[in-house]
């Protein structure tokens, strides 16, 4: 099967040759695997057996797509958000609407003049869309975008004490995501629309379920509707303990939930599968806190096999992925063991890396 065929079949609960994979690696892990496989870091996912290609066209591009070289290096994105490289990741150091007046907040304008630059990030992703399952990431969509502009504390205070202001700004955040999504759906051959809006912490939702339903849900539904209108799968990413709103997400038309942080309350993958698997597919669930970095090879094999078996109990509806990026302290053999249980052997990975090297050396091949 091609990667495109494999993912579509799994989401449709049809037979597949192996479980589809979309694994994300910490930058240090990527660099180490690239060195081990003797390939450029950008090809690690392909060599390891990932079936999905996608990139960011909204503000996550500024967080993850702009790579700074030096610790402490800063950049200001199209939204006016200032980022600083801290360790391997960009972190916000200045929120443009922090402590702003209501008038200043309402006068803020989203970077519509940069839409084409953002959408062009998809160009290399769709080059072989006949074989790969292709996604366009329009996150952060609603609340997460607002708190990147306003700051977490101020965003939550707005929602509690000035719902008119918060509602208007959350709508504008969704509007920009929708505009990008609509343009991408018309322009590119996509398989799913990837959305995202982190509204949960490690123990619970950041806000009450009632507040989420009142202010966030209607706007996020509008984003989902773009994918549904284009006849695409709709995927949604939210870290943390979001169990109280999963039924809402299904009612809104969600198809795939990620990343299933299995150590958070209410987020045991197999329990979620039993309760919601009839309506929802899942991507994630491999423990990155204890299992991958600290478990034995036998532990990884046993847990991964159990996860795949349980999450595909209805014939599919699952994409193998970690509950976060695979951390740098994960032993190489644990990574290979996880992939082996998914039907991708170490030998196959090295063979694929050899073909990548050959292709790089002779681009015409």
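The values are calculated or read from the model by the stated rules, or taken from the named source; none is laboratory data. The model shown is predicted, which means the values in this text are computed figures rather than measured ones. As a convention, Cβ positions derive from the backbone with ideal geometry for all residues, glycine included, and neighbour counts pool all protein chains shown.
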Given (1) more than 17 Å from the chain's Cα centre (by Cα); (2) not assigned by TED's automatic domain parsing to the domain that holds residue 23, where does residue 291 come up short, assuming only one miss?
-> (2)
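Among the helices (runs of 4 or more DSSP H) confined wholly to segment 1-65, which include 1 or more residues that are modelled with pLDDT of 95 or more and under 22 Å from residue 88 (Cβ atoms)? Please lay out each step first, then the result.
On the way: elements: 3-11, 27-37, 44-48.
Per the criteria, 27-37, 44-48.
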With the condition kept exactly as written, say whether any residue in segment 148-156 is assigned by TED's automatic domain parsing to the domain that holds residue 221, buried (at least 23 other Cβ atoms within 10 Å of the Cβ) and touching a strand residue (DSSP E or B) at 6+ places or on another chain (Cβ under 9 Å).
-> yes
Provide a single number: the residues in segment 319-343 that are more than 22 Å from the chain's Cα centre (by Cα) and either more than 19 Å from residue 26 (Cα to Cα) or part of a loop (DSSP other than H, G, I, E, B) (or both).
-> 4
Number of the exception - residue 124 against (1) surrounded by fewer than 19 Cβ atoms within 10 Å (Cβ to Cβ); (2) not in a loop (DSSP other than H, G, I, E, B) = (2)
Out of (1) at pLDDT below 95; (2) not assigned by TED's automatic domain parsing to the domain that holds residue 173, the one residue 88 does not meet is (2)
Could you tell me whether residue 103 is surrounded by fewer than 13 Cβ atoms within 10 Å (Cβ to Cβ), free of Cβ contacts under 8 Å to residues at least 40 places away in the same chain and assigned by TED's automatic domain parsing to the domain that holds residue 205?
-> yes
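May I ask you to list the residues in segment 41-59 that are surrounded by 13 or more Cβ atoms within 10 Å (Cβ to Cβ) and either over 22 Å from residue 195 (Cα atoms) or out of contact with any helix residue (DSSP H, G or I) (no Cβ under 9 Å at 6 or more places or on another chain) (or both)? Spell out the reasoning first.
Let us first name the residues in segment 41-59 that are surrounded by 13 or more Cβ atoms within 10 Å (Cβ to Cβ), namely 41, 43-59.
Matches in segment 41-59: 41, 43, 44, 46, 47, 48, 49.
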Given the structure, is residue 304 within 22 Å of residue 346 (Cα to Cα) and in contact with a strand residue (DSSP E or B) (Cβ under 8 Å, 6 or more places away or on another chain)?
-> yes
Among the residues of segment 34-48, count how many are within 22 Å of residue 86 (Cα to Cα) and either touching a strand residue (DSSP E or B) at 6+ places or on another chain (Cβ under 7 Å) or touching a residue at least 24 places away in the same chain (Cβ under 8 Å) (or both).
-> 0
Check whether at least one residue in segment 181-201 is in a helix (DSSP H, G or I), modelled with pLDDT of 95 or more, farther than 17 Å from residue 141 by Cα and touching a helix residue (DSSP H, G or I) at 6+ places or on another chain (Cβ under 6 Å), and report yes or no.
-> no
Residue check, residue 148 touching a residue at least 40 places away in the same chain (Cβ under 8 Å), within 27 Å of residue 257 (Cβ to Cβ) and assigned to a helix (DSSP H, G or I) = yes
